[in-house]
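One structure is given below, encoded as structure tokens.
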Amino acid sequence: MKKILILMAHPTLERSRIQSVLINEIRDLPGVQIHDLYEAYPDLDINVEYEKCILNRADVIIFQHPFYWYSAPAILKQWMDLVLEYRWAYGPGGLALSGKWCLNAISTGGSHGAYREDGHNRFPIRTLLTPFDQTAHLCKMHYLAPFVIHSVNHLRSEDIKAKAREYRLVIQMLQIGDLDLELWKSADYINPIIEQLIQP
Ligand SMILES: Cc1cc2nc3c(=O)[nH]c(=O)nc-3n(C[C@H](O)[C@H](O)[C@H](O)COP(=O)(O)O)c2cc1C
């Protein structure tokens, strides 16, 4: 079974409506390590050796976070700046993350329609996530289409619970690992194609 590492980045998880439900839905899954970055490093003073150690053990790395200013909360950038070292994550001999799978699991205030070229936010989510995609690529990881929850302010609590169950299913599918990886890599979102990903 593939080992999953969730890098959770939410500066106020105690006030969260969406991300806290997602994370609670997967807490009991064996083989899933949830690493709350703001809880571990409230001063952004990241323990690089510890991070490398848990990355080494993981097969799948999930950046789970609310979408903030078309990107992630600041700690995730700090994490990338410090942990993804030359000659370790990339560059000559930098193969530590090679072959691992990587994706973002995000929630957004904006609607699906807002993230189109003719929409309010002008760019599709996958385009806005390009820095994650290319970082994963540089580190020789497989970057998979994101799990996205849109229009968070319009969701009722039962909608959020349904999305969280979908997220749990995605994590369980990643654990099993026998997936159509090429389809997942090329999609815009994982959400609408979850069922199709399972290999016949
Ligand atoms: C600082 C900040 C920046 C945000 N930036 C965006 C954004 O760029 N695009 C968007 O769709 N929503 C944006 N939002 C809305 C959040 O994505 C949304 O509130 C969050 O996903 C809800 O999850 P939570 O209940 O777990 O906090 C922003 C919210 C905050 C507080």
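Anything in the stretch 94-122 that is assigned to a strand (DSSP E or B) and away from the ligand (no atom under 16 Å from the Cβ)? List them, or say none.
Quick first cut of the stretch 94-122, residues assigned to a strand (DSSP E or B) only: 101-107.
The answer is TRP101, CYS102, LEU103.
Would you mind stating whether ARG27 is more than 14 Å from the ligand (Cβ to nearest atom) and either basic (Lys, Arg) or surrounded by 17 or more Cβ atoms within 10 Å (Cβ to Cβ) (or both)? Give the derivation first.
Details: more than 14 Å from the ligand (Cβ to nearest atom): yes; either basic (Lys, Arg) or surrounded by 17 or more Cβ atoms within 10 Å (Cβ to Cβ) (or both): yes.
Yes.
Looking at the stretch 31-54, which of its residues are of a type outside the set (A, V, I, L, M), assigned to a helix (DSSP H, G or I) and more than 16 Å from the ligand (Cβ to nearest atom)? Break it down stepwise before answering.
Filtering the stretch 31-54 for residues of a type outside the set (A, V, I, L, M) gives 31, 33, 35-36, 38-39, 41-43, 45, 47, 49-53.
Narrowing further to those that are assigned to a helix (DSSP H, G or I): 38-39, 49-53.
Once the filter is applied, which keeps residues that are of a type outside the set (A, V, I, L, M), assigned to a helix (DSSP H, G or I) and more than 16 Å from the ligand (Cβ to nearest atom), the stretch 31-54 yields GLU49, TYR50, GLU51, LYS52, CYS53.
Pairs, please: C-beta under 8 Å, at least 6 apart or cross-chain, first residue surrounded by fewer than 13 Cβ atoms within 10 Å (Cβ to Cβ) and in the stretch 156-168, second part of a loop (DSSP other than H, G, I, E, B)?
No pair meets every condition.
Is the stretch 82-89 home to any residue that is without any contact (Cβ under 8 Å) to a residue 24 or more places away in the chain, more than 16 Å from the ligand (Cβ to nearest atom) and in a strand (DSSP E or B)? Step through it out loud before you land on a result.
Step one: list which residues in the stretch 82-89 are without any contact (Cβ under 8 Å) to a residue 24 or more places away in the chain, which gives 86-87.
With more than 16 Å from the ligand (Cβ to nearest atom) added as a condition, the list becomes 86-87.
Pick out the ones that are also in a strand (DSSP E or B) and you get 86.
Within the stretch 82-89, one or more residues are without any contact (Cβ under 8 Å) to a residue 24 or more places away in the chain, more than 16 Å from the ligand (Cβ to nearest atom) and in a strand (DSSP E or B).
Can you say whether ASP28 is farther than 21 Å from HIS142 by Cβ, part of a loop (DSSP other than H, G, I, E, B) and either aliphatic (A, V, I, L, M) or free of Cβ contacts under 8 Å to residues at least 60 places away in the same chain (or both), as far as the supplied structure shows? Before the answer, list the steps.
Values: farther than 21 Å from HIS142 by Cβ: yes; part of a loop (DSSP other than H, G, I, E, B): yes; either aliphatic (A, V, I, L, M) or free of Cβ contacts under 8 Å to residues at least 60 places away in the same chain (or both): yes.
Yes: the conditions hold for ASP28.
Give me the residue from the stretch 1-24 that is away from the ligand (no atom under 16 Å from the Cβ) and touching an Asp or Glu at 6+ places or on another chain (Cβ under 6 Å) and, out of that set, farthest from PHE67 (Cα to Cα).
LYS2
Sort out which residues of the stretch 38-81 are in contact (Cβ under 8 Å) with a residue 12 or more places away in the chain, surrounded by fewer than 20 Cβ atoms within 10 Å (Cβ to Cβ) and of a type in the set (Asp, Glu), and write them in order of number.
Listed by number, the residues that qualify are GLU39, ASP59.
Can you tell me which residues in the stretch 2-11 are in a loop (DSSP other than H, G, I, E, B) and farther than 14 Å from LEU44 by Cα?
Within the stretch 2-11, the subset in a loop (DSSP other than H, G, I, E, B) is 2-3, 9-11.
Matches in the stretch 2-11: LYS2, LYS3.
Looking at this structure, is ARG168 part of a helix (DSSP H, G or I) and within 14 Å of ILE62 (Cβ to Cβ)? Give the derivation first.
Values: part of a helix (DSSP H, G or I): yes; within 14 Å of ILE62 (Cβ to Cβ): yes.
Against the criterion (part of a helix (DSSP H, G or I) and within 14 Å of ILE62 (Cβ to Cβ)), ARG168 qualifies.
None of the figures in this text is laboratory data; all of them are computed from the coordinates on show. Keep in mind that this is a model prediction, so the values were computed, not measured. Glycine also receives a Cβ, built like all others from the backbone with ideal geometry; neighbour counts cover every protein chain displayed.
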